[in-house]
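Written below as structure tokens is the structure these notes are about.
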Amino acid sequence: MSINIAQLLLRAAHVHPELPALARGERLLASYTELAARVGRLAAGLAARLQPNDRVGLVMKNCPQYVELMFACWHAGLAAVPINAKLHPKELEFILADSGARLCFASADLCAALAPLAVAGLQEVIDVDGQAYTGLCAAEAMPVASRAADDAAWLFYTSGTTGRPKGVTLTHRNLMAAILNYLSDVDTIAPGDAIIHAAPMSHGSGFYMLPHVARAGLNVVPDSGGFDPTEIYALLRAHRGVTMFAAPTMVKRLVDHPGDVDTAGLKTIVYGGGPMYVADCKAALRRFGYKLAQIYGQGESPMTITCMDKAIHADTAHPRYEQRLASVGHAFTGVEVRVADADDRPLPSGEIGEILVRGDVVMAGYWNNPAASAETLRGGWLHTGDVGSIDEDGFLTLKDRSKDVIISGGSNIYPREVEEVLLRHPALSEVSVVGQADPEWGEIVIAFIVPRGAAPDSAELDALCLDNIARFKRPKRYVVVESLPKNNTGKVLKTRLREMLSASGPASPA
């Protein structure tokens, strides 16, 4: 089957030629007619230097060129390799080399760090604000390249928390399936609606660019290129029908932003990428109304494993409403999700095991890594490494990453359960629970806490835990920190917390 994601842009330009396609802050940059024409020229400039299936690295902060380059790569029959712009130069070097990128486009402030990298086969690092980029856009537009459905479109590199990052090979079929899943299960998009790219476009926000282009939505890149609550609220006044993808920590910052702000322009906040605690979810619903939708996915099944739409968030009369808010919803249309034991046998409702997934959204495999691909995709199922359970209504509740489960005295302790309880204390802003090696118990529970002001007494926190969870799950220590370490998508870096414990030895209690 022939399919090329670039056709989505051409269709939008044909059906809605004058609708706005791209904006920087409040400034309109291009209509769909103009964006499609520019992408066609840029694709021709790329095709003059590269061969079909070549990879193109994108090391950029959020900027309008992201939209142009992603679609130009696909238009020219190339694979895009968006890379986290906050990585260390050595990490960038590895990804560019591993992907075999032939060209790399970078934000002006990142070009200097990329220039000395030794990457065999890399022709050039091109400043997206420079003359070389302008020159590529001067070519005569080319027709869309023919692509097979299973040709690589996007190489998504994992975070590398368990070693070197792996290149997730996402095909045109994968991306089209994810787009259709968004439109069928997450939210509707009317032509002219907008998406604000405040989260990294190399990750979740970049994926949600696709259904918005498919439906002729406006892609808005904040002037800051990132997330600032004051700026976001200003953009909500300037644009209509606004969606944004946000990590739970971003949603929390929007809720905590002072003042009575106008959210009439906000249509939907899609949250994911980490746990949204029930208390935080309820606070966001009070602030924004029933405009929240949740997704659960990972790079290997991008943004598309389970979902919980706005209607479920609004169904407060349901007898298991709070349980559902604590879940990640039910499987997307056409996606199979099961919970399995260590031998990959499916488990009944309510039992805890590894989450397995299959469907057209699941990656083709890891780039140039057949051994890892075979292990992760064994039996035809994506083995997510996440642990959870499915209730009688099909709602999946995540417990934790399998590597984050704490085994103390032979019993499994799921950090999220402890975190949910501790966050009920009004004096705590954030909590993250990890395990620390212990000669007697194997592991003990340590809670890192971020207080809103003065830290609460450990006895108060102990009492809160003992009122709500089994005694063996209660943290042995509470470590007070000013903030939790996070990556650029807002996920708490539990590996960093464990390193802090290892480096400091026995921690001081709260």
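The values are calculated or read from the model by the stated rules, or taken from the named source; none is laboratory data. Since this is a predicted model, take the numbers as computed values, not measurements. Note: ideal-geometry Cβ built from the backbone for every residue, glycine included; neighbour counts use all protein chains shown.
Show me the helices (runs of 4 or more DSSP H) found entirely inside region 1-113 where at least 2 residues are over 19 Å from Glu124 (Cα atoms).
By residue number, 7-15, 32-47, 65-75.
In region 381-432, how many residues are part of a loop (DSSP other than H, G, I, E, B) and modelled with pLDDT of 85 or more?
Going through region 381-432 one residue at a time, the tally reaches 11.
Scan region 344-367 and tell me whether some residue there is polar (S, T, N, Q) and under 25 Å from the mean Cα position of the chain (by Cα).
Checked against the condition, which is being polar (S, T, N, Q) and under 25 Å from the mean Cα position of the chain (by Cα), region 344-367 yields no hits at all.
Got a number for residues in region 445-454 being more than 15 Å from Lys494 (Cα to Cα) and either buried (at least 16 other Cβ atoms within 10 Å of the Cβ) or acidic (Asp, Glu) (or both)?
Number of matching residues: 1.
For region 262-273, enumerate the residues that are of a type outside the set (Ser, Thr, Tyr) and either buried (at least 16 other Cβ atoms within 10 Å of the Cβ) or in contact with a strand residue (DSSP E or B) (Cβ under 6 Å, 6 or more places away or on another chain) (or both).
Scanning region 262-273 gives Gly265, Leu266, Lys267, Ile269, Val270, Gly272, Gly273.
Is it true that Val450 is farther than 18 Å from Lys403 by Cβ, modelled with pLDDT of 95 or more and under 27 Å from the mean Cα position of the chain (by Cα)?
Yes; evaluated as a whole, the condition is true for this residue.
From (1) surrounded by fewer than 22 Cβ atoms within 10 Å (Cβ to Cβ); (2) within 18 Å of Leu58 (Cβ to Cβ); (3) not β-branched (Val, Ile, Thr), pick out the condition that doesn't hold for Asp228.
So the condition that Asp228 fails would be (2).
The conditions are (1) among the small types (Gly, Ala, Ser); (2) assigned to a strand (DSSP E or B); (3) more than 23 Å from Pro200 (Cβ to Cβ), and Ala145 fails exactly one of them. Which is it?
Answer for Ala145: the failing condition is (2).
For every residue, the table says whether it meets (1) assigned to a strand (DSSP E or B); (2) modelled with pLDDT under 95; (3) under 22 Å from Pro165 (Cβ atoms).
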{"site": "Ala279", "(1), (2), (3)": "no, yes, no"}
{"site": "Ala284", "(1), (2), (3)": "no, no, no"}
{"site": "Tyr290", "(1), (2), (3)": "no, no, no"}
{"site": "Met303", "(1), (2), (3)": "yes, yes, yes"}
{"site": "Ala317", "(1), (2), (3)": "no, no, no"}
{"site": "Pro348", "(1), (2), (3)": "no, no, no"}
{"site": "Asn368", "(1), (2), (3)": "no, no, yes"}
{"site": "Ala371", "(1), (2), (3)": "no, no, yes"}
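Here is a list: Ala138, Ala153, Ala132, Ala178. Which entry is assigned to a loop (DSSP other than H, G, I, E, B) and in the same structural domain as Asn369 (by TED's automatic domain parsing)?
Ala138
Could you please tell me which pairs satisfy a Cβ distance under 8 Å, a separation of 6+ or placement on different chains, a first residue in region 94-116 that is touching a residue at least 12 places away in the same chain (Cβ under 8 Å), and a second residue that is of a type in the set (Phe, Trp, Tyr) and part of a helix (DSSP H, G or I)?
Final answer for the pair search is Phe105/Tyr133.
Scan region 247-279 for residues that are under 13 Å from the mean Cα position of the chain (by Cα) and either in contact (Cβ under 8 Å) with a residue 60 or more places away in the chain or more than 24 Å from Val431 (Cβ to Cβ) (or both) and jot them down.
Across region 247-279, the qualifying residues are Ala247, Pro248, Thr249, Met250, Val270, Gly272, Gly273, Gly274, Pro275.
Give the residues of region 130-156 that are within 17 Å of Leu58 (Cα to Cα) and touching a residue at least 60 places away in the same chain (Cβ under 8 Å), sorted by residue number.
Tyr133, Leu136, Cys137, Ala152, Ala153, Trp154, Leu155, Phe156, listed by residue number.
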